[in-house]
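Enquirer: Handing you this structure, nothing more for now.
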Amino acid sequence: MASESQSADRTSAPLAGVRVAEFGEELSVPYAGKLLADLGATVVKVESAASGDPSRQFGPFAATAADGESSGMFAYLNTGKRSVTRESIDAVGDGSDLGSLLQWADIALVDRPWMRNEPELEPARAVEQAPHLAFVTVTPYGTTGPYADWPATDLTISALSGMSVGVGERDRAPLAMPFSQCEMNGGLFGALAAVNAVMAVRRDGRGQHVDVSTADIMASMFTGYFLPRFIYGGGLVGIRAGRNGASMPYPGTIFRCADGLVRTDPPQVAQWIRLVKLMGTPEWSKEPRYRNRRAMQWEYKQESDALVEPWFMARTKEELGGLFLEHRLPYAPLLTADDMEHDPHLAERDALASLPTPDGTTFFSAPAAPYRFSGQRPASHPAPTLGSSDDELPSLISSEQPERDLPPTADDRAAAPPLQGVRVIDLGTAWAGGLAGRLLADYGADVLKIESWVHMDGSRLGKPIVVEDDAGGDEGRWPDLQPGFHVHSRNKRSITLNLKTDAGRSVLLRLVREADALIHNFPAGVMDRLGLSDDALHAANERLVVVGQNVAGSEGPKSGLIGYAGAVSALSGLANWVGYEGEDPIGMFEGLYGDVVSATTTTFATLVGLLDRDLHRRTNASIDVSQWEASLALAGEGLIAQSLGGETPASLGTHHPRYFPHGNFASTGHDQWVALAVRNPREWRALCRLIGREDLAPLESVEARRERADEVTDAIEAWSRGVGPEEAAYALAAAGIPAAPVLNIADIFGNEHFRARDLFIDVEHPLVGSEPMTGMPWRMSRTPGRVSRRAPLLGEHTEEVVKGMAGVSDEEYRGLVDAGGIETGPPEGQS
């Protein structure tokens, strides 16, 4: 890495001075590289001179551009990079090996094809050759485990990780998230893991292999949400339920309105009461039957919808938006790509970038970076043409080769976590806020979760485990018996303060003086109203990195939007694209997808902010993360297709533009399915041999197979219905065909591959006992993440932290309690 002064002189971008060698094709690794390049890193993309990255041939295309350099998707995934050909590297440094490039880089991003084809990119060998290097592999199933070498596509990753089983309608074939969401998340987590590893290098000078498995990511961070509910008697949660929203109370659903579809998601009792009042408190709402929101959602939802939906249908999306904003209710319309391209809020925030195709002939709209650093959104520079930096490669590597003073090799078993010594004030609530802090805590940060007995984190509310008291759980009587909270708040310490008091704020500001970062997910304006604006926080500590995430960002005409994961998916277009082909959108899928994407984006932005501070001596850093923009960034393909002149239809099903067959096929048993994808004629011939239908082998083109789609589907299911999903997947994988069983949460918990990769751990809790939960989302060879502390009881560490870290005396502590700033239990009269 370049010295601090050198980096600051080159540019003001947050990752200026960070060097990245990218060996990746198609989606995951290129997206990881894009995220780093947009933030100022120098990213050298290595491609084959003969064909380049295959995504150069992927649509959507500009209609008038030259062949080979007109892909909108390639242009989006490769902004700001330099392209060199593999052949040009042979002339640099040590001849035919890649050593000079690895020595130059701080980070190497590598996918499975490159790792297989280049011996120098075998992880242990690469780290031995370049001991400083954060060597990050992003692969479908990881570098170890029974399925490590299985052929894969986004569809099969989705199936194996439990995502697909939650998308669609209960008695029909599962679908998948649109536009390769698994692979895009692999890129997001790859970038996060890379910066995390660089933090470790900056501490002790030594690199390591970071193993990012996209299937692990999806199974642990997304569908892993359902594991506690499954373990504690919730049944097979996370199963697709159409618009019934089986994982939330009423009305977590899609309603028709006068001019489209809208998503509502008010999980809190107070929000439901406000909605009923907004509707005029109809007579039906006074009946006991309609006070049980779980039963309304899960037992008689159609009956409930018949009472509620007419109120929505009498109003437009715009009218509803104004009412829900005024009454602070979670809401979002289901937006299309065209809606987003013309949305005034996104326009005012410059949330869409105008990008050229690589040949520069056509400009189109694409998502911009979903965060702003101290008011500035990172710029996306044009993607390169193939080999455009071949001539400058020798001077680039030789002139900028940094001097590295590596310490002697230490005992890796004693290596500290990568974020040890980093202290974070966590004001986050619910899943999006809680998970961001947990990702930092899992890798060593000291995360202080600021909570309140009066204004309790929503994750501490709801149906408790161990005791039967749903109503008490909703009212906050069982804050330490919520398994979801236990998952996203492990490794943290809990401090209870009332930030609406001067005394509570004074304690927080004393803690801020000793912190590196503060994260929150309050709605826009809340921190300012509390007297905790960015300026106030920085007055206490100019080195503090302040990161706020909320639905629509901190500024803009819709910044007041309130919502949860479902609302974010509706705003980003994902909800509109979920459905069976030719039908209206379902608009919903199980799990908290938007929350996880936002939390991960927030964690990434936080680490980038900390690295920027340390590399460039930056002070007074404030980062604004838009949850809407974070999900939109992963669904950019739909917006790009719209902008380049095509259309992105609603309800994409499992359609893939280049693969067919491509879907989930019925297998032996109830709700048992196997996912398979055919990418080329070789795989098609292999499939025909396996299922005993070699008469179909002449259908070598995708177009020919689509013309006989029903016949192809029937032929596959005539075979697949006779075998179990695991047996079918093994047979297909052995034949070289991407395939995977469609797993539910119970299957995932017992799956041999995930077990071999230690995806699940047990954490002891004093009130619950041993709790199974998902482990680390990515693996680090030298400084692995770990769970060293179970989730805290509410306020468990208040006295310890306030006296120890803030330096409060016993007498002052008692005074702060008396003044109401420090909370030591529930309010008087509440038990």
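The values are calculated or read from the model by the stated rules, or taken from the named source; none is laboratory data. Predicted, not measured: the structure shown is a model, and the values here were computed from it. Cβ sites come from the backbone with ideal geometry, for glycine too, and all protein chains shown count toward neighbours. In case anyone asks, the SASA skips ligands and DNA or RNA and just uses the protein heavy atoms, side chains included. Shrake-Rupley method; radii C 1.70, N 1.55, O 1.52, S 1.80 Å.
Enquirer: What tally of residues in the stretch 757-783 results from selecting those that are part of a loop (DSSP other than H, G, I, E, B) and without any contact (Cβ under 8 Å) to a residue 60 or more places away in the chain?
Expert: Residues that pass the stated criteria total 2.
Enquirer: Give the stretch 506-565 a look and list any residue that's farther than 30 Å from Leu334 by Cβ and of a type in the set (Asp, Glu), or say none.
Expert: Within the stretch 506-565, Glu514, Asp516, Asp528, Asp534, Asp535, Glu542 qualify.
Enquirer: With respect to Val547, is the statement that it is at negative phi and under 21 Å from the mean Cα position of the chain (by Cα) true?
Expert: Judged against the criteria, Val547 is a match.
Enquirer: A further question on this structure: Can you spot a residue in the stretch 810-830 that is in a loop (DSSP other than H, G, I, E, B), small (Gly, Ala, Ser), modelled with pLDDT under 95 and open to solvent by 50 Å² or more (accessible area, probe 1.4 Å)?
Expert: yes
Enquirer: Exactly one of these conditions fails for Arg510: (1) under 17 Å from Ser452 (Cβ atoms); (2) not in a loop (DSSP other than H, G, I, E, B). Give me its number.
Expert: Checking Arg510 against (1) under 17 Å from Ser452 (Cβ atoms); (2) not in a loop (DSSP other than H, G, I, E, B), the one that fails is (1).
Enquirer: Could I ask something else about it? Determine whether Pro131 is on the phi < 0 side of the Ramachandran plot, touching a residue at least 60 places away in the same chain (Cβ under 8 Å) and not in a helix (DSSP H, G or I).
Expert: When the stated conditions are applied, Pro131 passes them.
Enquirer: Applying the selection to the stretch 347-369, what residues are aliphatic (A, V, I, L, M) and either part of a loop (DSSP other than H, G, I, E, B) or touching a residue at least 24 places away in the same chain (Cβ under 8 Å) (or both)?
Expert: Passing the criteria: Ala351, Leu352, Ala353, Leu355, Ala366, Ala368, Ala369.
Enquirer: So which strands (runs of 3 or more DSSP E) are wholly in the stretch 191-285 and hold at least 3 residues that are over 30 Å from Arg315 (Cβ atoms) and modelled with pLDDT of 95 or more?
Expert: 208-213
Enquirer: Here's another thing I want to ask about it. Just give me the residues in the stretch 307-342 being assigned to a loop (DSSP other than H, G, I, E, B), of a type in the set (Val, Ile, Thr) and over 30 Å from the mean Cα position of the chain (by Cα), in sequence order.
Expert: Across the stretch 307-342, the qualifying residue is only Thr316.
Enquirer: Looking at (1) under 20 Å from Val29 (Cβ atoms); (2) open to solvent by less than 10 Å² (accessible area, probe 1.4 Å); (3) not acidic (Asp, Glu); (4) not in a strand (DSSP E or B), which is the one condition that is false for Ala159?
Expert: All conditions pass for Ala159, except number (1).
Enquirer: Answer with yes or no whether Asp211 is among the charged types (D, E, K, R), more than 30 Å from Glu183 (Cβ to Cβ) and in contact with a Ser or Thr (Cβ under 6 Å, 6 or more places away or on another chain).
Expert: The answer is no for Asp211.
Enquirer: Go through Leu101, Leu121 for me and flag whichever is of a type in the set (A, V, I, L, M), crowded, with 16+ Cβ neighbours inside 10 Å and at pLDDT below 95.
Expert: Leu101
Enquirer: Just one of Ala471, Ala415, Ala445 is within 26 Å of Gln271 (Cβ to Cβ) and either in contact (Cβ under 8 Å) with a residue 12 or more places away in the chain or open to solvent by 30 Å² or more (accessible area, probe 1.4 Å) (or both); which is it?
Expert: Checking each option against the conditions leaves just Ala471.
Enquirer: Which residues, taken from the stretch 224-245, are open to solvent by less than 30 Å² (accessible area, probe 1.4 Å) and under 24 Å from Arg293 (Cβ atoms)?
Expert: Phe226, Leu227, Pro228, Val237, Gly238, Ile239, Arg240, Ala241, Gly242, Gly245, listed by residue number.
Enquirer: Can you name every residue in the stretch 642-658 that is buried (at least 22 other Cβ atoms within 10 Å of the Cβ) and either closer than 26 Å to Arg721 by Cα or touching a strand residue (DSSP E or B) at 6+ places or on another chain (Cβ under 7 Å) (or both)?
Expert: Result: Ser643, Leu644, Thr654.
Enquirer: Can you tell me which residue within the stretch 490-515, out of those that are hydrophobic (A, V, I, L, M, F, W, C) and within 18 Å of Val546 (Cα to Cα), is farthest from the chain's Cα centre (by Cα)?
Expert: Top of the filtered list is Val507.
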